[in-house]
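This report concerns only the one structure given below.
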Amino acid sequence: MAGMETAGMDTTQLIRDFWDHAPGALGIYELTDSGLTLLALNDNYYRMIGADRTERTQYSAAVTSAIPPEDRAAMFGEIRAAIAEGRDADCRIRILRGDGEYGWFAAAVHPVKTAENTYRLYAVFADMTAMKKREDRRAGEAKRLEHIHEAFVEGLNRIHDAEYMLDLEEETYYAYGRSETFTPVSSQGTYADLYRVFVGSFPEGSLPREEFEHSLTKDEIRARLNDGSLYEYTYSRDMKDGTRKWYTLHMTAVRREAGDAPVRYIVICTTDVTDSIAAQQELQSRLEKDAAIIRKSSMDAYDFIAVIDCATQTIELRGGSWFNDHVPTPDNMRVLPYTALLDYIGKNYTQNPEAGKQFYEKFAISSIEKELETAPQAFFPFNFMDADKKERVKYKQFRFSWLDESHTRLLATRADVTSVMEKEQEANARLKDALTAAEAANRAKSDFLSRMSHDIRTPMNAIIGFSTLLLRNASDPEKVTDQSRKILSSSNHLLGLINDVLDMSKIETGEFQMTIHEFRLADTLSMIDDIIRPQMEKRQQTFDLYVSGIRHDAFLGDDQRLQQVLINILSNATKYTPAGGHIVLRVRSLPETSGQIETVSFAVSDTGRGMTKEYQQQIFEPFSREQLSGQESAQGTGLGMAITKNLVNMMGGTITLESELGVGSTFTVVLPLQLPDREKDYAFWTTHSLTHMLVVDDEEEVCRNVCETMEGTGVRMEYALSGEMSIHMLTNAAAEEDDFDVVLLDWKMPGMDGVETARAIRRVLPPEVLIIILTAYDYSAIEEEARAAGVDGFMSKPFFIQSFEKAIQDTGRIGEETEEASEEHEEREAASAAIAGLNILAAEDNELNAEILVEVMRLNGAEVTVEPNGEEVVKRFAHAAAGEFDLILMDVQMPVMNGYEATRAIRAIAGDTEFAEDKRREAAAIPIIAMTANAFSDDVQQALLSGMNAHVAKPLDVASLRKTIAGLRAER
């Protein structure tokens, strides 16, 4: 045993004597992947379990089978956890004794790693069977005290010495048991008699007597027990035979008078706990001795282990050496004044006098005590000069912790962490190099994405173009049309995502711009629902969309960016939520900040895997992804949430995250949405005498949201949570001549569904009552049956007032259109007629895109002449007769001459006198519309600066093109 002073004794014999005569039961085991192998057990172990010598071979062979399987599993789990955490294991196990019964034992296990990568386990055992039985008995006794009205009966079951009932009001007592220590004159009497017996059992001037005199006064008892709690007081006293016994005094209030009356009835029990206290003290003493043995086996991890006595300001070496590990510490230096040790180390092992002074100040006892005020352990790293090689620095780490509750003794250790620090420095250098490489790779990614943008978007143009042809050339079943529109919507969004990846560099440089225009929130949410719901249904997830309290239909903002933000969050929710999971989007209005702003909250919640707290701090950083152990790697660029965060910031909003690993996540986006410069018109409802409405849905949240949204319209709102309830409410209202004008009815409800409810309503109410189905599902399969049952119309969730007004208008059951609806109808008619009859000159270098363009325009009544590049377009226009073409669709990225150059060349004809006057006027005035996959705001601006009149994004959206052309023709 390195460094052990044996005073001439044989070390091996000394260890053997300690092994044979140690007061504890000791064992040594080998832990491998295949299990536990016994190496040695001392005689005390066999005496502890009651096995004689003839049985020792049997017990040695069955080292683990003598332990029950459930205890065995817990023991191995604790040992492996202790190895992983670098600590000693503390096990509580049952072991089969020689008498065939299981006993309870405490085992303190110290693992030491061997050269063969196994672990040697040094274990100290203590028999805790008696203490465990007492703990179990006391636990059972405590449980029987749960009901206060049975406290007296239960008190009799749990006492061990004596019991008394005390009436503080009458100042009397009644004794239910007799104590050999506290015996009143009779079984009942006055409280003064009992008080004298209790207090008189202690000698005059003794501390317990003084405490009893205070704690047994009526006022003190009432102060302690007035809240109904149990008061216990444990004390010791010296008996006449010279022994010391321990007692616990229990006091509890049995019954309270009505009101705030003070406590009256008290049960007092005294219990002899001498054996329990003695067993605890013996076990604690043995565990402390055993722990000291185990601590010595850990010296290979430290330079030294020492104890500081704060009262005497001395330090005692308990293991190792003050000096280098190969230099032993003389006996006369094992106990030193603490300041002397600091002086010695500061002068001989620090780099210079200033470093020595810093060492002295840092390791002063007062500095250590200050650090331990806020932490259970204090760590102090410090650099030392190597005594042999002055140029080499060694890194040491000191650790201090209190050894006692009175804070008079400190445990001090010093470990050499030089190799660890050097490896960390090397790792940091490698990380720095890796960071530089990553930054270069990041720049390369941005450059690559910028160069590849046009090539990525070209095939998308074909997908969406043929989707448009499918809409026009299909045999026109509504279901095919609806699905085709969804394909178109999803493809447009996919293209938008590609744009957003490229936006990232512009966002980071502050060059990104928002496109502000008026949009309807209902349309945006409907498009989101069309895109995201099929994905969730494919993954067997449920999706709910709730809207509540939204006071306006139209807002000013960039709806494409809003859509992108929400789909990014919802897509992540879908990706990280398992099959059968639930995802909810809640949209609600928050208090307005001004008359021109409505603050709207968009909260997406899921029951997915959640996130660690560490990753929640990184989720909005570019290219960040979390890989959890045992789970599949996340797919994607890692840019989605970074883009989302930046877009929300640019819209003046905030995004917050709440997540719990294994439970789910909630992202909340709060945006201040600007209102258009027009007042909201609620005259629709009074104009058409729609003043009383019933909402029927089995989800109360949906009903409340609809009612909240309709506030301010003047319509009285009520709701029912089932079809049966709605029939009852409608019948009662009719009987009271307070009929409902509109019934908004959910389709899928438990019990009586929407169609059955509509059929029942029509049997009892006049046909004037409008019935509208509100659903999140495709209703085409039941539309014919529903109309036959009396349903007037349909609308999709979520509920918006303007969508509801349109659904009512579409029934044909009310009067003429409102002025706003009429204007919208006229705008649609004008847009539809905008393309018909036009002769268009187009520049498109991609043959497939050109074919799609010609076919789509022909289906809309227009003729198109296509040229492959800008130069050919200029030539074709220059040689055409004035008025031959009505407008020009100009691609931007083309070979030979791009769209900007071609536009400038056409506009230049206006000043060229070689051309006729009417041709020059046409060159200046003919509408030229940019048609490009680049949809950034600065791309639009560049198109306008080159002389173009407008910009439409690829892939070509016919509705958008109609609207653009209609606007240009109206301006002319």
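How much of the accessible area of the stretch 712-769, in percent, comes from carbon and sulfur atoms when a 1.4 Å probe is used?
It is 53 percent, rounded to a whole number.
Per residue of the stretch 663-669, what does 6.51 cos²θ - 1.76 cosθ + 1.60 with θ = phi - 60° give for ³J(HN,Hα)? Whole Hz please, x for Gly and Pro, Karplus curve as stated.
Each residue's phi maps through the Karplus curve to give 10, x, 9, 9, 9, 10, 10 Hz.
What does the accessible area per residue of the stretch 509-601 come to in Å², with a 1.4 Å probe and no ligands, DNA or RNA counted?
42 Å²
Solvent-accessible area per residue for the stretch 841-972 at a 1.4 Å probe radius, Å²?
Here the residues of the stretch 841-972 average 44 Å² of exposed surface.
For the stretch 516-621, give the magnitude of the charge dipole about the Cα centre (Cβ charges: +1 Lys/Arg, -1 Asp/Glu; no others), in debye to the nearest 20.
440 debye
May I ask you to evaluate 6.51 cos²θ - 1.76 cosθ + 1.60, the Karplus curve with θ = phi - 60°, for each residue of the stretch 101-112 and list the ³J(HN,Hα) values in order in whole Hz, giving x for glycine and proline?
Running phi through 6.51 cos²θ - 1.76 cosθ + 1.60 with θ = phi - 60° gives 9, 8, x, 8, 9, 9, 10, 9, 10, 10, x, 10 Hz.
Which order do the peptides 953-966, 338-351 take when ranked by the mean count of other beta-carbon atoms within 10 Å per residue, highest first?
Result, highest mean first: 953-966, 338-351.
Compute, for Leu945, the solvent-accessible surface of its heavy atoms (probe 1.4 Å) with the complete set of protein chains present, and express it in square angstrom to the nearest 10.
My reading of the accessible area for Leu945 is about 140 Å².
Share of the stretch 829-928's accessible area from carbon and sulfur, percent, 1.4 Å?
49 percent
Give, in nm to one decimal, the length gained when the segment between Thr329 and Thr612 is fully stretched (0.36 nm per residue of separation minus the Cα-Cα distance).
97.0 nm
Rounded to the nearest whole Å², what accessible area per residue is found for the stretch 633-772 with the 1.4 Å probe?
46 Å²
What figure, in Å² to the nearest 10, do you get for the accessible area of Met385 with a 1.4 Å probe and non-protein molecules left out?
Met385 exposes around 30 Å² with every protein chain in place.
How would you rank 373-383, 851-861, 186-196, 244-254, highest first, on the average number of other Cβ atoms within 10 Å across their residues?
244-254, 851-861, 186-196, 373-383
Determine how large the accessible area of Asp127 is when every protein chain is in place; take a 1.4 Å probe and give Å² rounded to the nearest 10.
Asp127 has an accessible surface of roughly 70 Å² with all protein chains in place.
Applying the Karplus parametrisation 6.51 cos²θ - 1.76 cosθ + 1.60 with θ = phi - 60° to the phi angles of the stretch 942-959, what ³J(HN,Hα) value in whole Hz is obtained for each residue in order, glycine and proline being reported as x?
5, 4, 5, 5, 6, x, 6, 9, 7, 9, 10, 8, 7, x, 5, 9, 4, 4
Which FRET efficiency, nearest 0.05, do Glu220 and Tyr174 yield, Cβ-Cβ r, R0 22 Å?
0.55
If you take the charge dipole of the stretch 672-770 about its Cα centre, with +1 on Lys and Arg Cβ and -1 on Asp and Glu Cβ, which of Gln674, Trp685, Pro766 is farthest toward its positive end?
Farthest along the dipole direction, towards plus: Pro766.
Ignoring ligands, DNA and RNA, what percent of the accessible area of the stretch 396-440 is carbon or sulfur (1.4 Å)?
The value for the stretch 396-440 is 55 percent carbon and sulfur by accessible area.
With r as the distance between the Cβ atoms of Val417 and Ala579 and R0 = 45 Å, compute the FRET efficiency 1/(1 + (r/R0)^6) and round to 0.05.
In this case the efficiency is close to 0.40.
List the pairs from Lys370/Lys394; Lys432/Lys613; Lys432/Lys954; Lys538/Lys748 whose alpha-carbon separation is above 31 Å, in the order I gave them.
Table pairs above 31 Å Cα-Cα are Lys432/Lys954.
The values are calculated or read from the model by the stated rules, or taken from the named source; none is laboratory data. No experiment lies behind these values; they were computed from the predicted model shown. A quick note on method: Cβ atoms are made from the backbone with ideal geometry, for glycine too, and the neighbour counts reach across all protein chains shown. To get the accessible areas, we keep the full protein, side chains included, count just its heavy atoms, and leave off ligands, DNA and RNA. Shrake-Rupley method; radii C 1.70, N 1.55, O 1.52, S 1.80 Å.
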